[in-house]
Every structure is written in C-alpha cells, then in structure tokens.
Amino acid sequence: MPAITSAVRLLSARRLIVKIGSALIADAHLGEVRGPWLEALKDIVRFFKRGQQVIIVTSGAVAVGSCHYNHWDRPLRIEEKQTAARDWSGSTYACL
C-alpha cells in the first residue's frame, strides 16, 4: 500500500484545525496587529469552499490586549488574559 502524503491527508480531511500563534498575529510590546500573516487566510477560505470544516485557534487577542499589563513583573493571571482579549477591539488598538 502506498504511503499517504501530507498533501493528500490535507485535501481529504473533513476538519482542519489551524493554529495561528500570537507572535505571528500580534506585536505584544507595541499592541499592534501584524499584517503579513493575513495572506494565509486565502488558504483557509479555499479549505472552507471545498466543504472542509476549519477551526482557527489563536491567542493573538491576548497578545495585543495584554500590552497594558507589560509593566508588571509577573505572568498575567487568567482573568487578566480574558480581560485583555475582551478589551481588544480588533480594529485600531494602541498601547500608550
């Protein structure tokens, strides 16, 4: 039996989980969204149009929103991460 290549597995999968890391999405120190990774969305749209279920997992909202907490000398607690993600509007956001 021939080996199944990763391309064949990708094309035949019913569900795809795409992990987009926060370092790719956001510059946590500046509180800005990085743009170049958005090109990958074209691939995600193609998967969706083929009828595949696409699940995107990321922590980018936390990375962008957490810049207000960067002056602390400890890791963020879970409720602070939740607040950072909730407060980030996704459009224009800056840490001053």
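Any read-out appearing in this document is the output of simple, stated calculations on the displayed coordinates, not a laboratory observation. All values derive from a computational prediction rather than experimental measurement. Counting neighbours? That spans all protein chains shown, and the Cβs are built from the backbone with ideal geometry, glycine included.
Structural remarks
- Selection of trypsin sites (Lys or Arg not before Pro), segment 9-81, meeting DSSP coil and at most 16 other Cβ within 10 Å: ARG14, ARG34, ARG50, ARG77
- Scattering from segment 3-72 was approximated by placing one identical point on each alpha carbon and applying the Debye formula without solvent; log10 I(q)/I(0) at 0.12, 0.25, 0.26 1/Å stands at -0.43, -1.06, -1.10.
- Around ALA26: net Lys/Arg minus Asp/Glu count, Cβ-Cβ under 12 Å: -1
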